[in-house]
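Please treat every number below as a calculation from the coordinates, not as lab data. Note that this is a predicted model, so its numbers are computed, not measured. No Cβ is skipped: glycine too gets one built from the backbone with ideal geometry, and neighbour counts run over all protein chains shown.
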Amino acid sequence: FHPLTMISLAINYTISGLDAWSYHLFNLLFHLVNCWLVFRLARLLSNQNFMIAFGTAILFAVHPMHVESVAWVSERKDVLYTLFFVAGLISYVKYIDTNSKKQFGLTILFLI
């Protein structure tokens, strides 16, 4: 049961029908957002070190493990899972740093 995956695929279908370009474009856009989130997470964990965060994000972006998730339309659930998981990790690190209930709520929302 993947409701967010099905909703995103339905949005693709309303945009372009069965034409494959928008499905691949959405997967690529989700992967780029994931790379940006990995950059933000690495920057938080490395005490704002830009080079470590940039290197981590580049390795994440070009790692061959992500080829199937980005290239296959049916693997949309993986890029969506990564998006919410890394966003949850970022909000959890911020919660640990600030002890803010808002960040804790965002962590629970992202990881549910």
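Output wanted: per-residue J couplings in Hz (rounded whole) for segment 38-53, from phi through Karplus 6.51 cos²θ - 1.76 cosθ + 1.60, θ = phi - 60°, x for Gly and Pro.
Ordered by residue, 3J(HN,Hα) equals 4, 4, 5, 5, 5, 5, 5, 6, 9, 6, 6, 7, 5, 5, 5, 5 Hz.
Would you please give the FRET efficiency between SER16 and ILE108, computed as 1/(1 + (r/R0)^6) with r the Cβ-Cβ distance and R0 = 41 Å, to the nearest 0.05?
Numbers: r = 35 Å, r/R0 = 0.85.
Efficiency, from the Cβ-Cβ distance: 0.75.
Tell me, what is the percent relative contact order of the chain, built from C-alpha pairs under 8 Å that lie six or more residues apart? Write down the numbers at each step before the final one.
Values: 105 pairs, mean separation 28.2, N = 112.
Here the relative contact order equals 25 percent.
What do you get for Rg/Rh over segment 1-64 if you use C-alpha atoms and the Kirkwood form of Rh?
On the Cα set of segment 1-64, Rg over Rh gives 1.15.
When the Karplus curve 6.51 cos²θ - 1.76 cosθ + 1.60 is applied with θ = phi - 60°, which whole-Hz ³J(HN,Hα) does each residue of segment 5-17 get, with x for Gly and Pro?
4, 5, 5, 5, 5, 5, 4, 4, 5, 5, 6, 9, x
Between SER46 and residues 5 or more places away or on another chain, which pairs have amide H atoms under 5 Å apart, with H built 1.01 Å from N, and which residues are they?
none
Output wanted: per-residue J couplings in Hz (rounded whole) for segment 20-26, from phi through Karplus 6.51 cos²θ - 1.76 cosθ + 1.60, θ = phi - 60°, x for Gly and Pro.
Running phi through 6.51 cos²θ - 1.76 cosθ + 1.60 with θ = phi - 60° gives 6, 4, 6, 5, 5, 5, 4 Hz.
Set the Förster radius R0 to 22 Å, insert the Cβ-Cβ distance between PHE85 and LEU28 as r into 1/(1 + (r/R0)^6), and round the FRET efficiency to 0.05.
Efficiency at R0 = 22 Å is approximately 0.70.
Are there any chymotrypsin sites (Phe, Trp or Tyr not before Pro) in segment 1-99 that are in a DSSP loop and have at most 15 other Cβ atoms within 10 Å? List them by number.
In loop regions of segment 1-99 (DSSP not H, G, I, E or B), the sparsely surrounded chymotrypsin sites (Phe, Trp or Tyr not before Pro) are PHE1, TRP72.
Can you work out the FRET efficiency for the pair ILE52 and SER100, with r the C-beta to C-beta distance and R0 = 30 Å, to the nearest 0.05?
Once the sixth-power term is evaluated, E becomes 0.75.
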